[in-house]
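See structure below.
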Amino acid sequence: MAKCGSCGPGYKTPLDAMKGPREEILYLPCIYRNTGINKPDYLATVDVNPKSPKYSQVIHRLPMPNTNDELHHSGWNTCSSCYGDASKVRNKLILPCLISSRIYVVDVGTDPRAPRIHKTVEPYEVFWKCGLANLHTSHCLGCGEIMISSIGDPYGNGKGGFVLLDGETFEVKGNWEAEGEAAPFGYDFWYQPRHNVMISTEWGAPKAFALGFKMEEVQAGMYGHSLNVWDWTEHRRIQTIDLGEDGLIPLEIRFLHDPDAAQGLVGCALSSTVFRFYKEKDGKWAAEKVIKVPSKKVEGWALPEMPGLITDILISLDDRFLYFSNWLHGDIRQYDITDPRNPKLVGQIFLGGSILRGGPVTVLEDKDLECQPDPVIVKGKKVPGGPQMIQLSLDGKRLYVTNSLYSKWDKQFYPDMIKEGSVMLQIDVDTEKGGLKLNPNFLVDFGKEPGGPVLAHELRYPGGDCSSDIWV
């Protein structure tokens, strides 16, 4: 596991992390819910060492004890926020479940290449102790506790609160937020103690998104469009930044990695925009739109205009590059954010999507492309779906991507992926001038899994990464 001698887990600074060892294995959840295969979701371990005879293969599968959990995102029992505490070890992967609201604690320390279940926290503990459900983002805290964001309450209504776990016993301790302070919607969050702040985002009410996406439910107010600003010390919601029509469904939020930074970026899925949020001179927080992906006028699709649907974003550890995926348009973009107020597009690659040449959708008007992109074939496999979850290597030179968003939405927008399974790909990154190039020798085809085609989602390295580690 990645440690600095006897210093504790992780790395002293983000720039130190960039000098860490190359990734050799990856963990990612694989989901069977909504595929027609009645089997438990599982955690896959993938070999990503190019010198290994099992390169780009699943080398271990850890099935969960229950079905229909919808594993989604994961986090750590401890990370670089605990650097300096030699008593802490990054050896447990925290797996909250989006639909069942269970929390699995997975031992990845005993044998990193063959994880095992350490503990299961049942949903009723989350319901009774916290009044929360539909769990999403997990972050470890510098104090040793683990915090997990919620999207709803036990009845399917939107509710943005936070579950606290004990970092040693993994027992549910209660809510992080003060009583009565939960936000109307929840999703992702990032904290920055040097500015006494945490900011969280909003997806929608579980009773809406769980049944598939409907535009009328956005219009009915069942999806979010705000950033919620929290006092990190008092655990109170002190400000709401309404992003309006340009900020519908803000999902992944990333502060710059520099712990002194008072700014970051958030991707808004439905509006296909990126906002920069920042601290003003008076101590209040504000946001401004810095990137807009134009919708495409189309025929043969559900709506006459197709948004890009920005679903995942990352910032490199040196705070130089922003990456994000357009799940519907099918491209991944790289921006130079040396000046975060004026991002510059320096890399773009298409990996599937809904506007491919020869497909059912015809593009009538496109402000970005002169022609529709060709299908992508890797090692004889036509890539289904569109690029979704992304993870960057510590040195910033490799970007890994999977293409499942959420099983019900996968089934709605990319039914072929339900039948064929998703894939995992790797992109080589030019970190000097910018640029993205597909590695033709890397493919994990989750359509060929022993239990049948499966949907692979978020990616994690045993030693941490740029979306799980926070420096304090």
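The values are calculated or read from the model by the stated rules, or taken from the named source; none is laboratory data. Computed from a prediction, not measured in an experiment: that's the story for all the values here. With ideal geometry, Cβ positions are generated from the backbone for all residues, glycine too; neighbour counts draw on all protein chains shown. In case anyone asks, the SASA skips ligands and DNA or RNA and just uses the protein heavy atoms, side chains included. Shrake-Rupley method; radii C 1.70, N 1.55, O 1.52, S 1.80 Å.
Roughly how many Å² of E122 are accessible to a 1.4 Å probe, to the nearest 10?
Accessible area of E122: about 60 Å².
Which sequence of D188, D85 reflects their accessible areas, 1.4 Å probe, from the largest down? Display every interim value, and only then the final one.
Details: D188 5, D85 55 Å².
Result, largest first: D85, D188.
Hey, what D do you get for region 57-168 in µm²/s if you plug the Kirkwood alpha-carbon radius into Stokes-Einstein at 4 °C and 1.567 mPa s? Mind showing how you got there, number by number?
Working: Rh = 14.4 Å.
Answer from the Stokes-Einstein relation: 90 µm²/s.
When the Karplus curve 6.51 cos²θ - 1.76 cosθ + 1.60 is applied with θ = phi - 60°, which whole-Hz ³J(HN,Hα) does each residue of region 459-466 get, with x for Gly and Pro?
Per residue, the Karplus-derived 3J(HN,Hα) values read 10, 9, 9, x, x, x, 7, 6 Hz.
Sequence-distant or interchain residues sharing an amide H contact under 5 Å with N77, placed H: which?
It is N91, K92, I94, by chain and number.
Any idea what the dipole of the chain comes to, in debye rounded to 20, about its Cα centre with Lys/Arg Cβ at +1 and Asp/Glu Cβ at -1? Kindly include the intermediate steps, with their values, before the conclusion.
On the way: 51 positive and 60 negative charges, 205 e Å.
Dipole about the Cα centre, nearest 20: 980 debye.
Would you mind checking which residues have amide H under 5 Å from G352's amide H? H placed 1.01 Å from N; only 5 or more apart, or other chain.
Amide H to amide H, under 5 Å and 5 or more residues apart or across chains, G352 pairs with V376.
Just by accessible area at a 1.4 angstrom probe, what is the order of R320, R33 from largest to smallest?
Details: R320 70, R33 40 Å².
Ranking R320, R33 by accessible area, largest first, yields R320, R33.
Using amide H atoms built in the peptide plane, which far-off residues or other-chain residues are under 5 Å from E458 H to H?
Sorted by chain and number, the residues that satisfy this come to none at all.
In region 172-224, which GluC sites (Glu not before Pro) are in a loop and have at most 14 other Cβ atoms within 10 Å, using DSSP for the loop call?
Numbers: sites: E177, E179, E181, E202, E216, E217; in loops: E177, E179, E181, E202.
Those satisfying the criteria are E179.
Of all the accessible heavy-atom surface of the chain, with the other protein chains kept in place and a 1.4 Å probe, what percent is carbon and sulfur? Spell out each step's value before the answer.
On the way: 8280 of 17230 Å².
Carbon with sulfur: 48 percent of the solvent-accessible area.
Determine how many Å³ per residue the convex hull of the Cα atoms of the chain encloses. Provide the component values of the computation, followed by the final result.
On the way: hull volume 62.1 nm³, N = 472.
Spelled out: Cα convex hull of the chain, divided by residues, is 132 Å³.
Using the structure shown, list the pairs from K379/K437; K297/K408; K51/K379; K12/K279 with a Cα-Cα distance above 20 Å, or answer none. Display every interim value, and only then the final one.
Details: K379/K437 15 Å; K297/K408 25 Å; K51/K379 18 Å; K12/K279 25 Å.
Pairs exceeding 20 Å: K297/K408; K12/K279.
Starting at the first residue of region 321-331, write each ³J(HN,Hα) from the Karplus equation 6.51 cos²θ - 1.76 cosθ + 1.60 with θ = phi - 60°, in whole Hz, x for Gly and Pro.
Taking θ as phi minus 60°, the curve returns 10, 10, 10, 8, 10, 9, 5, 7, 5, x, 10 Hz for region 321-331.
Taking all protein chains together and a probe of 1.4 Å, list D260, D231, D312 from the most accessible to the least accessible.
Details: D260 95, D231 30, D312 0 Å².
Sorted descending by solvent-accessible area, the residues read D260, D231, D312.
Which entries of K39/K448; K296/K397; K344/K367; K39/K411; K39/K119 have Cα-Cα distances beyond 25 Å here?
Numbers: K39/K448 15 Å; K296/K397 31 Å; K344/K367 17 Å; K39/K411 17 Å; K39/K119 20 Å.
The answer is K296/K397.
Do any GluC sites (Glu not before Pro) in region 365-472 lie in a DSSP loop with no more than 11 other beta carbon atoms within 10 Å, and if so, which? Don't jump to the answer; show the numbers that get you there.
Working: sites: E365, E370, E420, E432, E458; in loops: E370, E432, E458.
Listed in order of number, the matching sites are E370, E432.
Using mean Cβ contacts within 10 Å as the protection proxy, how do 189-200, 286-297 order, highest first? Let's see the in-between values first.
On the way: 189-200: 20.2, 286-297: 17.8.
The densest-packed peptide leads the list: 189-200, 286-297.
Seen from all sides and averaged, what is the projected area of the convex hull of the Cα atoms in region 169-327, in nm²? It would help to have the intermediate numbers written out before the result.
Working: hull surface 45.5 nm².
Mean projected area for region 169-327: 11.4 nm², to one decimal.
When the Karplus curve 6.51 cos²θ - 1.76 cosθ + 1.60 is applied with θ = phi - 60°, which whole-Hz ³J(HN,Hα) does each residue of region 86-92 get, with x for Gly and Pro?
5, 7, 9, 9, 7, 9, 10
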